[in-house]
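Participant: Can you read through this structure? Questions will come right after.
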Amino acid sequence: MRFTELDLAPELVRNVTELGYETPTPIQQQAIPAALEGKDVLGRAPTGTGKTAAFMLPTLHRLRGKEGLRCLVLCPTRELAIQVAENARGYARNTELFVGLVYGGTRVDADLRDLRAGVEVLVGTPGRVNDHLERNNIDLSNVEVLILDEADRMLDMGFKPQIDQILRRCKRTGRQTLFFSATMPNSVKSLAYEMLRDPVTVEAAPRVTTAEGVDQFVYPVEPSKKTDLLLHLLKGKEFSSALVFSRTKFGADRIAGQLTRAGLKVEVMHSDRNMTQRVRALEAFRAGEVQVLVATDVAQRGIDVEGISHVINYDAPKDPEGYVHRVGRTARAGETGVAITFMSGGEIGDVAAVEHLLGYRIARVNVPGYSVFAEESTDGEPQVTTVTMPVSKKEERASRGRRMGKHAAKELSPEELQKLLGVGTAA
Ligand code: AMP
């Protein structure tokens, strides 16, 4: 299928063609025709599947020739809002439609110039959109298209009250709602049920469902030795830029401090950092001025940076789908990357849940001196803790779909290991 077959206005087709898009992605092929018919859409699609164009193109098509605020796009984080607005502006080139962007952490007044100049599409985080509603800076009564992007994340971040508030200010009849979420837990389903009328459901597998193109390893490690192991890895030759995930903000700050003291160039990203700090952190990381970005899950989906060589889960993700999002930050655009997950004794269950979702066992790398515990295998016997690495990509792929076997691992000599990962085996 080609974009010309989608009945989109020629200027929109021209814009995506100029952006280098040749064919619509699966989520675009499903969502665009339904949305063009005016239907509500319930999309299960994570970032990386082309979902922004899936909701923006039919919306821009619908709004052609109209003026005033007609479309509101809600995003959970500032980073995602910035990305969505940037993409939307690209799709809206050579139309008379303007895209505004508002997010917390900046002075509310600073948004007014854009808002007063008039925008047809407003992209924003729920908190800041509410601030403007309360100050009567925006009027949602003519909003024809309401879009929720990463609804699951917005609920996780506690934005339900703000979303309710915003809904109360939008018209009920004649409104089209496009609702996107990477996951569909019950809280998301019930919000979708509240907001959508007779929706068409569309679904796209994440581009990296099973972290295709990513070499994945689990490092068993004592909790007290995680930072030492991290330093050990980061000082290896192989790594060019690493995104390190911590479960807590406090942890992220602490890790960043320790790495900085060890002489690495580090930035931190979490929800306590203000907007200027976050944008600066991301810019510095993008530009290669810092090698390590330590982040909490806030950054799990928002970061779209080319060429991250390593994603390191300092703490194992609490939800298995989160793992796929985190790991998806590396090996973007068909490159290869390495994803490393530290696993303390208390995190064995978290890693098992990830492996259950993936459908295969991730190779273990035991670096002597960092781990003393032995994992139990399914038959209750402790597993042999030796240095293991996956066999070739082809063999590893062939092992996918098999449950929790040991097929994905073979022993490597310390030299081979060092060459592959820049990991020494000395304690
Ligand atoms: P998204 O899932 O909207 O964050 O999109 C992920 C990336 O894919 C963005 O960098 C888009 O510019 C790009 N993209 C979206 N649609 C297409 C397409 N049909 N062909 C190629 N790239 C696309």
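Participant: Most exposed first by the Cβ proxy, i.e. fewest other Cβ within 10 Å, how do H356, H310 rank?
Facilitator: H356, H310
Participant: Next question, about the same structure. Largest first and to the nearest Å, give the Cα extent of the stretch 222-296 along each principal axis.
Facilitator: So the extents along the principal axes, rounded to whole Å, are 34, 25, 18.
Participant: Would you mind classifying the stretch 115-168 by shape? Square roots of the alpha carbon gyration tensor eigenvalues, ordered a ≥ b ≥ c; an a/c under 1.5 is rounded, otherwise it is prolate if a/b is larger than b/c and oblate if not. Could you put the intermediate results ahead of the total?
Facilitator: Numbers: a/c = 1.96, a/b = 1.58, b/c = 1.24.
Judged from the Cα gyration tensor, the stretch 115-168 comes out prolate (a/c at least 1.5, a/b above b/c).
Participant: Let me ask something additional. Based only on other Cβ atoms within 10 Å, what is the fewest-to-most ordering of M154, M184? Mind dumping the intermediate values first?
Facilitator: On the way: M154 24, M184 15.
Fewest-to-most Cβ neighbours within 10 Å comes out as M184, M154.
Participant: Using a Förster distance of 41 angstrom, determine the FRET efficiency expected from the C-beta separation of T17 and Q277, and round it to 0.05. Present the calculation step by step, with values, prior to reporting the outcome.
Facilitator: Numbers: r = 37 Å, r/R0 = 0.91.
Approximately 0.65, to the nearest 0.05.
Participant: Can you run the Rg to Rh ratio on the stretch 3-203? Use alpha carbon positions and the Kirkwood inverse-distance Rh. Working shown, then result.
Facilitator: Numbers: Rg = 15.5 Å, Rh = 16.7 Å.
Rounded to two decimals, Rg/Rh equals 0.93.
Participant: Got the relative contact order for the stretch 31-80 handy, in percent, Cα pairs under 8 Å and 6 or more residues apart? Working shown, then result.
Facilitator: Numbers: 22 pairs, mean separation 18.0, N = 50.
Once normalised by length, the contact order is 36 percent.
Participant: Now a separate question. Could you please state, rounded to a whole Å, how far the C-alpha centre of the stretch 1-36 is from the C-alpha centre of the stretch 73-116?
Facilitator: Result: 22 Å between the Cα centres.
Participant: Of the listed pairs K39/K171; K189/K318; K66/K171; K51/K171; K265/K318, which have alpha-carbon separations greater than 19 Å here?
Facilitator: Working: K39/K171 16 Å; K189/K318 21 Å; K66/K171 17 Å; K51/K171 25 Å; K265/K318 28 Å.
Listed pairs above 19 Å: K189/K318; K51/K171; K265/K318.
Participant: While we're on this one: How far apart, in nm, are two points set 7 Å out from the Cα along the Cα-to-Cβ line at L112 and at K235?
Facilitator: That separation, rounded to one decimal, is 5.4 nm.
Participant: Restricting attention to the stretch 38-77, which trypsin sites (Lys or Arg not before Pro) occupy a DSSP loop and are surrounded by at most 14 other Cβ atoms within 10 Å? List each step's numbers first, then the result.
Facilitator: Numbers: sites: K39, R44, K51, R62, R64, K66, R70; in loops: K39, R64, K66, R70.
Answer in residue order: R64, K66.
Participant: Put a dot 7 Å past each Cα toward the Cβ at K66 and L36; how far apart are the dots in nm?
Facilitator: 1.8
Participant: By per-residue mean of other Cβ atoms within 10 Å, what is the highest-first order of 77-85, 29-37, 221-229, 258-266? Intermediate results must be reported in sequence, preceding the final value.
Facilitator: Numbers: 77-85: 23.2, 29-37: 20.4, 221-229: 17.4, 258-266: 15.7.
Final packing ranking: 77-85, 29-37, 221-229, 258-266.
Participant: How large is the convex hull of the C-alpha atoms of the stretch 39-141 per residue, in Å³? Working shown, then result.
Facilitator: On the way: hull volume 11.1 nm³, N = 103.
That works out to 108 Å³ per residue.
Laboratory data are not the source of any read-out in this text; all were calculated from the coordinates shown. Remember, predicted model here, so these are calculated numbers, not experimental data. Every residue, glycine among them, receives a Cβ derived from its backbone with ideal geometry; neighbour counts consider all protein chains shown.
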